[in-house]
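The values are calculated or read from the model by the stated rules, or taken from the named source; none is laboratory data. What you are looking at is a predicted structure, and each value in this text was computed from that prediction instead of being measured. Cβ placement follows ideal geometry from the backbone for every residue including glycine, while neighbour counts extend to all protein chains displayed.
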Amino acid sequence: MTAPLIPARHKDVNRAKVCDDNFTEFVKGWQGTPQHRPAPHEPVLDGSACTAEDFLALFESQLVSRHLDLMARVLRVQQKVFYTIGSSGHEGNAMVARLTRHTDPAFLHYRSGGFMAERFRKLPGMDPVMDSALSFAASKDDPASGGRHKVWGSKPLWVLPQTSTIASHLPKALGTAIAIEQARRIGHELPIPQDSIAICSFGDASSNHATAQTAFNTAQWTAYQKLPAPVLFVCEDNGIGISVKTPGGWIGNAFRHRDGLDYFYADGLDLAEGYGQVQAAVEHCRRTRRPTFLHLKTTRIMGHAGTDFEIEWRSFEELMAVEATDPLLRSAEIALVSGLMSKDELLQKYEAMRARCFAAAEEADRRPKLTDLAEVMAPLAPYTPDKVAAEASRSDYADKRLAVFGGEAKLPENQPPKHLAIQINQALHDLFCKYPETLLFGEDVAQKGGVYTVTKGLHKAFKNARVFNTLLDETMILGLAQGYANMGMLPMPEIQYLAYFHNACDQIRGEACSLQFFSNGQYRNPMVMRVASLGYQRGFGGHFHNDNSITALRDIPGLVVGCPSRGDDAATMLRTMMAMAKVDGRVCAYLEPIALYMTKDLYEPGDGQWLTSYPPVDQAMVLGEERVYAPEARDLVIFTFGNGVPMSLRAARRIEAAKGWKVRVVDLRWLQPLNGDAIARHAGECDRILVVDEGRRSAGVGEGVITAVVEAGHGAKPLRRVVGEDTYTPLAGAAFLVIPSDDDIVAMAERLA
């Protein structure tokens with residue numbers, strides 16, 4: 001490639017203008033001799049796999065991407081554009097789009113302008129310039145996110161909108177690839193062709209992130225077992241992450257020899273050279289169904305974003321050297337050498353694209369913006385109560401139940417009262433009969449039946465295609481869940497302990513729960529995440545097995561959090577959560593109190609008062625609905641959940657005996673969203689208020705309850721909290737010094753007197 005001449009006046013602080021001028025000056029100054037113009041089906045240059053037709057399309061896509069970047073830099077200062085992380089230097093990713101299908105699900109990082117422009121060609125009547133301009137302008141007419149964020153996305157083009165920045169999208173991309181193959185094993189009809197592959201792009205700096213590494217490891221783990229996982233990891237290596245340089249050769253050295261991750265290199269700066277290299281990687285991935293790593297050479301010009309003034313930390317000489325590798329300069333050279341365009345035609349095409357992008361941006365600026373809170377939040381947490389209730393109570397699978405449970409006499413509703421763990425297990429069997437697209441997976445859930453035998457028998461009844469163990473990696477478990485959901489299945493991932501969820505929280509917060517919001521409801525990844533939770537395990541296990549950090553879940557926008565304390569509630573709540581996932585695409589967290597799994601008694605040993613009958617299959621719990629004990633009581637109301645429910649009931653008996661008070665106990669059951677109206681009603685009907693929260697003092701569920709009480713105007717009533725302390729849970733008997741007890745509840749009631 002002929003390097004452009006960089007005049008001294010190009011020692012300019014505005015590097016976007018410099019790069020823009022470089023193209024014009026390079027074309028004007030070109031002195032070569034054009035070859036014979038190739039026919040559309042002939043190689044653009046001798047020996048290239050890229051035809052003239054391919055090149056012309058790809059070059060136009062590169063120009064779309066580049067002028068969107070340049071437009072954003074100009075209009076940012078006029079407050080007409082609100083996003084300036086650009087794709088300049090990465091335009092070669094258009095080759096990946098051209099060589100794949102629009103039905104290959106794509107999970108893209110933010111430098112994917114070239115890819116998107118090229119994928120738009122796959123379906124007629126679509127305009128990448130206008131759609132992108134609407135997104136840059138945060139217009140509610142933006143077809144990807146409805147103005148909620150600048151995302152690369154398209155429902156018809158199977159580009160799932162996201163805001164992933166540091167490789168947090170890699171696990172769900174791999175999960176989607178695995179799901180494509182899983183569908184065949186369970187007889188599930190895919191929304192895409194069966195030989196599709198999943199595409200996932202990211203930067204060289206992001207490849208070092210733990211979330212990326214877990215995806216690579218799982219891909220290798222899967223391939224090692226000869227299980228198909230057709231994912232194309234596209235590492236766009238520009239040699240720098242914001243200002244931190246990637247050591248030269250690091251990506252090739254780190255990924256070239258990974259067992260089970262097939263490595264390909266492609267020059268993303270040269271369409272003539274790189275096209276065949278990209279083609280080889282794509283064809284390999286589709287044919288072998290193996291995880292494939294495409295190391296795509298790129299560069300980064302114009303900085304990380306519009307606010308990144310590289311001249312403050314890079315020399316002019318270094319900047320000019322980087323800008324000389326601009327892939328658009330090489331594409332211009334190919335166009336000229338091949339005879340496909342003259343200098344004037346090339347410059348005319350360049351300026352015509354500039355005009356097109358600016359015209360689209362001005363039009364996008366005139367389009368309506370989001371101005372109403374309800375409109376902003378509409379896709380975040382959809383809920384259609386009537387449809388959910390109908391689905392949750394649907395019971396048209398009687399024959400399947402009889403086959404799975406072994407006859408009428410063995411149906412769970414015909415059994416004597418059972419404890420929590422068994423009733424959850426029965427509900428899971430029921431739901432697997434109801435939803436053939438349901439999968440349950442996690443650590444130890446299959447043959448062993450879970451650490452606490454809650455999933456016992458499911459593997460035997462529904463086989464390994466639907467109930468299976470995963471590697472010990474919570475991030476990947478939740479990435480798999482999103483992948484299965486993307487392909488139309490109903491996943492039930494199990495996180496073995498609540499403390500382990502924190503290892504993978506962003507897969508729910510940043511990825512799963514954000515998808516409906518950032519796709520304006522066009523995409524959804526329904527799931528019910530089961531988590532063995534909370535404390536009171538008789539001092540066993542320490543803080544990793546006794547975790548009450550529900551706040552981490554309640555802080556996630558759009559997530560439904562439920563916590564049953566008894567077996568019948570566990571079954572009806574689980575039915576509702578599955579219905580919410582099926583009908584509204586919701587992401588739900590189902591917290592199972594470990595210490596109550598096997599609990600049979602309430603007041604005295606042998607009384608059996610914490611055993612419950614299995615509810616008929618047409619019964620389900622309404623979202624937000626509380627359970628009330630002694631609803632006629634008025635002297636004291638106790639709001640609680642989980643382990644706090646039997647504790648509060650025992651304490652209530654003692655309080656009544658000591659003080660003569662009638663005590664109402666309210667099991668909240670649903671912890672997010674809290675039912676503020678119900679809390680206010682109970683608080684208004686009672687003289688005193690006590691909140692029993694096994695979470696920590698500084699961050700639990702109780703703050704939400706008290707806020708609902710105060711905002712309803714009942715804050716003047718005597719009100720107290722019984723909560724856990726701000727510490728980790730220690731081992732053995734010391735555990736009971738830091739979490740609430742029956743005695744603590746009784747003592748706090750005395751203070752309320």
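State which residue is farthest from E750 (Cα to Cα) when the search covers only the stretch 640-651 and only residues that are touching a residue at least 60 places away in the same chain (Cβ under 8 Å) and in contact with a helix residue (DSSP H, G or I) (Cβ under 8 Å, 6 or more places away or on another chain).
G642
Taking the stretch 629-746 and the strands (runs of 3 or more DSSP E) fully enclosed by it, the elements with 3 or more residues that are closer than 23 Å to I556 by Cα are at 670-672, 689-696.
Taken over the stretch 300-316, the criterion of being small (G, A, S) and either over 28 Å from the mean Cα position of the chain (by Cα) or surrounded by 17 or more Cβ atoms within 10 Å (Cβ to Cβ) (or both) is satisfied by G303, G306, S315.
Report yes if R300 is part of a loop (DSSP other than H, G, I, E, B) and either at pLDDT 85 or above or closer than 24 Å to L45 by Cα (or both), otherwise no. Yes, satisfied. Among the residues in the stretch 281-298, are any farther than 18 Å from I166 by Cα and acidic (D, E)? Yes, some residue in the stretch 281-298 is farther than 18 Å from I166 by Cα and acidic (D, E). Screening P593 on (1) more than 16 Å from L668 (Cα to Cα); (2) crowded, with 24+ Cβ neighbours inside 10 Å shows it passes everything except condition (1).
Within the stretch 275-287, the set of residues being surrounded by fewer than 24 Cβ atoms within 10 Å (Cβ to Cβ), touching a strand residue (DSSP E or B) at 6+ places or on another chain (Cβ under 8 Å) and either small (G, A, S) or not assigned by TED's automatic domain parsing to the domain that holds P228 (or both) comprises A280 only. Going residue by residue through the stretch 623-638, is there one that turns out to be in contact (Cβ under 8 Å) with a residue 60 or more places away in the chain, surrounded by 23 or more Cβ atoms within 10 Å (Cβ to Cβ), under 26 Å from K387 (Cα atoms) and not polar (S, T, N, Q)? Yes, the conditions are met somewhere in the stretch 623-638. Counting the residues of the stretch 566-590 that are surrounded by fewer than 24 Cβ atoms within 10 Å (Cβ to Cβ) and among the small types (G, A, S) gives 1.
Kindly establish whether N22 is part of a helix (DSSP H, G or I), under 20 Å from L294 (Cα atoms) and assigned by TED's automatic domain parsing to the domain that holds S331.
No; evaluated as a whole, the condition is false for this residue.
Taking every residue in the stretch 349-371 that is assigned by TED's automatic domain parsing to the domain that holds R76 and free of Cβ contacts under 8 Å to residues at least 24 places away in the same chain and pairing it with any residue that is of a type in the set (D, E, K, R) and surrounded by 12 or more Cβ atoms within 10 Å (Cβ to Cβ), at least 6 positions away or on another chain, the pairs with Cβ-Cβ distances below 9 Å are T371/K140. Taking the stretch 67-111 as the range and being modelled with pLDDT under 95, basic (K, R) and outside any loop (DSSP other than H, G, I, E, B) as the test, the residues that pass are R73, R76. Evaluation of R330 against the conditions (1) of a type in the set (K, R); (2) part of a loop (DSSP other than H, G, I, E, B); (3) more than 31 Å from the chain's Cα centre (by Cα) shows that the sole unmet condition is (2). With respect to (1) outside any strand (DSSP E or B); (2) modelled with pLDDT of 95 or more, the lone exception for A589 is condition (1).
Here's the yes/no breakdown for (1) crowded, with 24+ Cβ neighbours inside 10 Å; (2) under 23 Å from I242 (Cβ atoms); (3) under 25 Å from the mean Cα position of the chain (by Cα):
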{"site": "R73", "(1), (2), (3)": "no, yes, no"}
{"site": "Q78", "(1), (2), (3)": "no, no, no"}
{"site": "T84", "(1), (2), (3)": "no, yes, yes"}
{"site": "N93", "(1), (2), (3)": "yes, yes, yes"}
{"site": "D104", "(1), (2), (3)": "yes, no, yes"}
{"site": "F107", "(1), (2), (3)": "yes, yes, yes"}
{"site": "A117", "(1), (2), (3)": "yes, no, yes"}
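Taking the stretch 467-575 and the strands (runs of 3 or more DSSP E) fully enclosed by it, the elements with 3 or more residues that are farther than 27 Å from Y224 by Cβ, of a type in the set (A, V, I, L, M) and not assigned by TED's automatic domain parsing to the domain that holds F641 are at 527-533. Can you confirm whether the stretch 688-707 contains a residue that is farther than 22 Å from N548 by Cβ and in contact (Cβ under 8 Å) with a residue 40 or more places away in the chain? Yes, the stretch 688-707 contains a residue that is farther than 22 Å from N548 by Cβ and in contact (Cβ under 8 Å) with a residue 40 or more places away in the chain. Within the stretch 600-622, if we keep just the residues that are within 33 Å of the chain's Cα centre (by Cα) and crowded, with 21+ Cβ neighbours inside 10 Å, the residue that is nearest to V665 (Cα to Cα) turns out to be M621. State whether one or more residues within the stretch 364-379 are part of a helix (DSSP H, G or I), closer than 30 Å to F55 by Cβ and touching a strand residue (DSSP E or B) at 6+ places or on another chain (Cβ under 6 Å). Yes. Is it the case that the stretch 134-150 has a residue that's touching a strand residue (DSSP E or B) at 6+ places or on another chain (Cβ under 7 Å) and either modelled with pLDDT under 90 or on the phi > 0 side of the Ramachandran plot (or both)? Looking through the stretch 134-150, at least one residue is touching a strand residue (DSSP E or B) at 6+ places or on another chain (Cβ under 7 Å) and either modelled with pLDDT under 90 or on the phi > 0 side of the Ramachandran plot (or both). Here's a check for you: in the stretch 25-66, which residue that is in a loop (DSSP other than H, G, I, E, B) and among the small types (G, A, S) is surrounded by the most Cβ atoms within 10 Å (Cβ to Cβ)? Step by step, filter the stretch 25-66, then rank; the result is S48.
With respect to the conditions (1) loosely packed, with under 15 Cβ neighbours inside 10 Å; (2) farther than 20 Å from V322 by Cβ, V13 falls short on a single one, namely (2).
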